[in-house]
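Asks: Here's a structure for you.
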Amino acid sequence: MKNKLLKRSTIEKKRSRWGWLFILPWFIGTVYFFIIPMLQSARYAFSDVTIRNGIVNYKFAGLENYIYIFTKDSNFLPGLAESIGNVLYQVPIIVIFSLFMALLIKSKFPGRTFFRAVFFFPVIIASGVAINILQTQVLMSSDAAGVQQQAYMFSVPSFTVLTEQLGLPTFVTELAASITGGFFNITWKSGVQMVLLLAAVNHISPSSYEAADIEGASQWEKLWKITFPMISPTLLVVLIYSIIDSFTDYGNKIMQMISEHFGKGYYEYSTAVGLVYFIVVLVLTGAVNLIFSKKVYYATQ
Amino acid sequence: MKSEMNSLHRHHIMLAGVKGTKYIIGALRFVFLVGMSFVMLYPVLFMLSSGFKSLDDIYNPTVIWIPKQFSLMPLKLAADVMDYKNGVIKTLMMTVPSVILQLISVLLAGYGFARFKFKGRKILFGLLVFTIIVPVQSYAIPLYVNFTRFDYFGLGTVVGWITGKALTTNLINTNSVFYLQAILGAGIRSGLYIFILRQFFRNMPVELEEAAMIDGCGHLMTFIRIMLPNATSMLATVGVFSVVWYWNDYFLSSLFYRTTFPISVNLTTLRSLLTTSNMVTGINAQDLMFLREPILACGCLITVMPLILLYLLAQRFFTEGVERSGIVG
């Protein structure tokens, strides 16, 4: 009995050592290329930095920068509230939309290869410099682009013109433009999510569905009892990725604030805001993870 | 008898109804997908349309989408200014090894997080999520400074205690900056890939692993022989993401390279050149004013084109891979 217990604990020890070995390269890299630079950069946030003749002088300032963020900076808290608000309404739409699209092109039908290829385009284009250039170009060339539309990634150039020519009242035009603009925006933010979910959906073995067919399950039941549980791990990634993506988007108020302060040379304040913001995001992401990971089905458990 | 006929008849009608709705759903899906494709293809169509317009087409108000006089001049100018050939070579030199090294480290870490219980796993996973959240911009300056005097993970400093002179190397403007970060799980978006793969490996059935262990495979062999072949679809997805993000990277490339730059950095150079100066070799100032948009569109096009071609080539491979990997489930 004692022997058995002993043996078991050594097996577990061995497993745990193997676990460490597998993550070791990542751990070294994270310490060296993330934690250390991050701490060096956090040092700014606790000091008054002056650069004179190319020499950086730190003067320890304690929590001064942090107190300023919460008491005097009139942009931070409203900006934070706005970011959280954006996440609350954007993320569910993005997740549901990308799931819908993935399920739509899952089954075999003519032209499926073409659509799959096309659905990867947002990933290729939206992650590069090209998107910035195209954004300004497209907006410049579409003469009817209103002020409101500039916030969106792409506007449909002829659409506003068309509704105006039909003689519709302006509020209809504006509403239609904002709906189509929002649609474009959501589509372009869902690229990564769609591709991930498509891979997950495709990985479900056809034999599970065949078994369900024999048992006489309906499409609806198959969706809830097979598809959702099988893709739930990827769905969790998609959810968390969408949250982080929304928080760290370049259009986000706080992110703009960080880069603005940085551009003006207030490194210490910029890093302090960054630290506070990213920790808030981490806590929120962790909470979402806690709530949803209980619902995730893993084959290993 | 009669009632049996009746029910059979009803059954037929029902079947026809099901078939009918199936066609309608199929047609609706097709229409919807065509609309979505337009949304997603729009920027590429825009680039193709405005990139090949000649000067006459730009003056001509009747030309909206399809140029009447096809011109390759904007393309040639864009390629010249962007030093396209060298830029692509540089991008490949950075991207290809980095992607391979990144995939290795990310697969190992994802598997480690998914399949093993060890002390500190939860905290380390929290750290992983934190690396996804914090953008590299917020620690780029110290990172850059550290690479100007890379001390071989502290070894150089230890050597310094003994010999009096620390062993450091300036790695700026070398590809090894990217390779080192990639193999150590700190490449571009590595955290996200680890998370994706961790979720994926966690969902692999235990029986597979147990069977391999009974056959005498060690943990590493189980990983290579059993887990990897079953992970082709996710591996392909992560691989393509990795290629795309390295290829499109602008921030790190402009930070770490000094002499020759990857193609996406050259694209921004092209843009700033076109917006700030009237002097571009091979074209006079007045024509340039009107050809700005076509030249920029061509610049974007030749930057993303290799990725699109690569994806079209790879797609066949990885949808096949998906269908073949039906063992799991």
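Asks: Pop out the ³J(HN,Hα) list for segment B:191-206 in order, Karplus 6.51 cos²θ - 1.76 cosθ + 1.60 with θ = phi - 60°, rounded to Hz; leave Gly and Pro as x.
Replies: x, 4, 5, 4, 4, 4, 6, 4, 4, 5, 5, 5, 8, 6, x, 5
Asks: Moving to a separate point now. Distance from a point 7 Å along Cα→Cβ of B:T259 to each backbone N in segment B:172-195: keep the residues under 19 Å and list them by number.
Replies: B:172-179
Asks: Based on the alpha-carbon gyration tensor of segment A:163-301, what equivalent-ellipsoid semi-axes (square roots of 5 times the eigenvalues) come out, in whole Å, largest first?
Replies: In descending order the semi-axes read 38, 28, 11 Å.
Asks: Net charge near A:I254: determine it from the other residues with C-beta under 15 Å of the C-beta of A:I254, scoring Lys and Arg +1 and Asp and Glu -1.
Replies: With Lys, Arg at +1 and Asp, Glu at -1, the net is -4.
Asks: Counting only Cα atoms, I'd like the Rg/Rh figure for segment A:186-256, Kirkwood definition for Rh.
Replies: 1.16
Asks: At a probe radius of 1.4 Å, what is the per-residue accessible area of B:C217, in Å² to the nearest 10?
Replies: 30 Å²
Asks: Can you pull the accessible area of B:D151 for me, 1.4 Å probe, Å² to the nearest 10?
Replies: My reading of the accessible area for B:D151 is about 30 Å².
Asks: Using a 1.4 angstrom probe on the protein heavy atoms only, line up B:E293, A:E174 by accessible area, largest first.
Replies: Sorted by accessible area, descending: A:E174, B:E293.
Asks: From the helices alone, meaning DSSP H stretches of at least four residues, give me the mean residue ellipticity at 222 nm for chain B, per-run term -39500 (n - 2.57), in deg cm²/dmol to the nearest 500.
Replies: -24000 deg cm²/dmol
Asks: List every residue whose amide H lies under 5 Å from the amide H of B:I283, counting only residues 5 or more places away in sequence or on a different chain, with H placed 1.01 Å from N in the peptide plane.
Replies: none
Asks: Need one word for chain B: rounded, prolate or oblate. Basis is the Cα gyration tensor (sqrt eigenvalues a ≥ b ≥ c); a/c below 1.5 gives rounded, then a/b vs b/c decides.
Replies: The shape class here is oblate.
Asks: Calculate the length of the line joining the C-alpha centroid of segment A:258-301 to that of segment B:219-297, in whole Å.
Replies: Going from one Cα centre to the other spans 27 Å.
Asks: From the square roots a ≥ b ≥ c of the eigenvalues of the alpha-carbon gyration tensor of segment A:233-301, which class results: rounded (a/c under 1.5), prolate (a/b over b/c), or oblate?
Replies: prolate
Asks: Could you please report the charge total around B:Y257, scoring K, R as +1 and D, E as -1 over all other residues with beta-carbon less than 12 angstrom from its beta-carbon?
Replies: +1
Asks: Find out how many positive minus negative residues lie around B:T168, taking Lys and Arg as positive, Asp and Glu as negative, among other residues whose Cβ is under 12 Å from that of B:T168.
Replies: Local charge sum for B:T168: +1.
Asks: Can you tell me, using C-alpha contacts under 8 Å and at least 6 residues apart, the relative contact order of chain B as a whole percent?
Replies: With pairs under 8 Å counted, the relative contact order is 28 percent.
Asks: Taking A:K14 as the anchor, which lysines have their alpha carbon closer than 26 Å to its alpha carbon, excluding any fewer than eight residues away along the same chain?
Replies: The reachable lysines, counting only those whose Cα sits under 26 Å from A:K14, are A:K2, A:K4, B:K117, B:K119, B:K122.
Asks: 5 Å is the cut-off here: which amide hydrogens, built 1.01 Å from N in the peptide plane, fall below it relative to A:S47, excluding neighbours closer than 5 in sequence?
Replies: Result for A:S47 returns A:A61.
Asks: How would A:Y68, A:Y269 line up by accessible area, probe 1.4 Å, largest first?
Replies: Descending accessible area places them as A:Y68, A:Y269.
Asks: While we're here: Using protein chains only and a probe of 1.4 angstrom, how many square angstrom of A:E12 are accessible, to the nearest 10?
Replies: Here the residue's solvent-accessible area equals roughly 110 Å².
Asks: May I ask you to list the lysines whose Cα is less than 26 Å away from that of B:K68, ignoring any residue fewer than eight positions away on the same chain?
Replies: Straight-distance partners of B:K68: B:K53, B:K76.
The values are calculated or read from the model by the stated rules, or taken from the named source; none is laboratory data. If you're wondering where the values come from, they're calculated on a predicted model, not measured in any experiment. Note that we place each Cβ from the backbone using ideal geometry, even for glycine, and neighbour counts take in every protein chain shown. Please note that ligands, DNA and RNA were not included when accessible areas were found on the heavy atoms of the full protein model with its side chains. Shrake-Rupley method; radii C 1.70, N 1.55, O 1.52, S 1.80 Å.
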